[in-house]
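These notes are about the structure you will find just below.
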Amino acid sequence: MENKQKIFGKNKSPIFKNISQKFKSYYFLTKCTFLGCHENKPNKLYFVLIANLFILVIAFTFSIYVAHITSILDAADATISKAPLIKTNFSTFSTFADILSNNSEKAFMAMFSGVIFGLFPVYFIYVNSQIIGIVSAIVYLSSSSAVVLAGLLPHGITESFAIILSCGYGVWLGSKFIRMLFLKEFSGFKNAMLFAFTKYIKIIIPLLIFSAIIETYVTPVAIRYFSK
């Protein structure tokens, strides 16, 4: 009897308390993912999920293309010559402006189109990850892994971080839109939009400016060096 009271009575065992706490935390994270939280900033889970999708799709696409692209590599020569990862004639301010404008527009779209149930940011990160994986595989097979890394790493770290942030905020805005639609949380949605826009200006744009500078003036030098 005493043992049963310890387990099922007021004095629950630490094991049951642990299970209960874990269940509550998983429930909270799941709820935040699909319906959003009452807080005015997103849960880190949004960014973790987007980052995992980004890495997994790149790795999967790269491995698939490396295994099967050899037979069609000749047909991909035009793609290689146009691929932004391996261009080496970047030296002008207009190129910097084009890169910054293109990336800023994509980041803005990925973030604020997320209000439509958070669908577009997921699609955006999936497609861009596939492109990176495909181009990386083509370059790897036609040159070397050093050239792939030279074309990706200098600007890719900060640029990818900016895009992941944009998509994470986009999914979060989608969850806030759902809450506004079904739970009438209008002020929460408005505050979320303002919060996301502030982050876009203060964090994402500076990251993209830095990435565009590196991609314009540093990445081509690194590619030429490792192509020798």
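What follows draws every value from the coordinates through simple rules; no lab data is involved. Note that the structure is predicted; figures quoted are calculated from it, not measured. Every residue, glycine as well, gets a Cβ built from its backbone with ideal geometry; the counts of neighbours run over all protein chains shown.
Quick rundown of the values:
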read-out	value
Selection of trypsin sites (Lys or Arg not before Pro), the stretch 164-202, meeting DSSP coil and at most 13 other Cβ within 10 Å	LYS184
Pairwise Cα inverse-distance average, inverted: Kirkwood Rh of the stretch 39-227 (Å)	17.5
Difference of contour (0.36 nm per residue) and Cα-Cα distance, PHE186 to HIS68	37.4 nm
